[in-house]
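Participant: One structure is given below, represented as structure tokens, and several questions about it will come after.
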Amino acid sequence: MAAELNNFNDVLEVFKANGKDYRFTYVPAEIFSNFFEGAREVAELLAYFEAYSYMGPNSDNQVQKAKEISTEPFVSLNDWIKLNVL
């Protein structure tokens, strides 16, 4: 289970700390929306994730509740990368 909420820069930093150097380029929604049919809807979804995370509004509370009821230990992004990527 995820132990924390991370933005793109957090994820890139953790990968870099583990020897993987990735990059991304932010594209404004108004530009991305013209890339392909349906891109406007994808841009709206990504804007929602940017505003609320994939867990939606009050995601910090949801993560805390999940920690309280979880029967499995939480894994940090760093530990997950070490176990699954490297």
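Participant: Of all residues in the stretch 41-64, count the ones that are assigned to a helix (DSSP H, G or I), open to solvent by 60 Å² or more (accessible area, probe 1.4 Å) and within 14 Å of residue 5 (Cα to Cα).
Facilitator: 8
Participant: Every residue in the stretch 51-66 that is touching a residue at least 40 places away in the same chain (Cβ under 8 Å) and of a type outside the set (Ser, Thr, Tyr), please.
Facilitator: Going through the stretch 51-66, the residues touching a residue at least 40 places away in the same chain (Cβ under 8 Å) turn out to be 53, 55, 59-60, 63, 66.
Matches in the stretch 51-66: 55, 60, 63, 66.
Participant: Related question: Tell me which of these residue 18 doesn't satisfy, since it passes every other one: (1) at pLDDT below 90; (2) open to solvent by less than 50 Å² (accessible area, probe 1.4 Å).
Facilitator: Status for residue 18: all satisfied but (1).
Participant: Something else: With the requirement that a residue be open to solvent by 100 Å² or more (accessible area, probe 1.4 Å) and either farther than 27 Å from residue 26 by Cα or in contact with a Lys or Arg (Cβ under 9 Å, 6 or more places away or on another chain) (or both), what does the stretch 74-85 give you?
Facilitator: Of everything in the stretch 74-85, just one residue is open to solvent by 100 Å² or more (accessible area, probe 1.4 Å) and either farther than 27 Å from residue 26 by Cα or in contact with a Lys or Arg (Cβ under 9 Å, 6 or more places away or on another chain) (or both), namely 83.
Participant: Check off (1) of a type in the set (Val, Ile, Thr); (2) open to solvent by less than 80 Å² (accessible area, probe 1.4 Å); (3) under 18 Å from residue 4 (Cα atoms) for residue 71 and give me the number that stays unchecked.
Facilitator: Of (1) of a type in the set (Val, Ile, Thr); (2) open to solvent by less than 80 Å² (accessible area, probe 1.4 Å); (3) under 18 Å from residue 4 (Cα atoms), only one is false for residue 71: (2).
The values are calculated or read from the model by the stated rules, or taken from the named source; none is laboratory data. No experiment lies behind these values; they were computed from the predicted model shown. Methodologically, a virtual Cβ is constructed for each residue, glycine included, from the backbone with ideal geometry; neighbour enumeration extends over all protein chains shown. Surface accessibility is based on the protein's heavy atoms, side chains included, excluding ligands, DNA and RNA. Shrake-Rupley method; radii C 1.70, N 1.55, O 1.52, S 1.80 Å.
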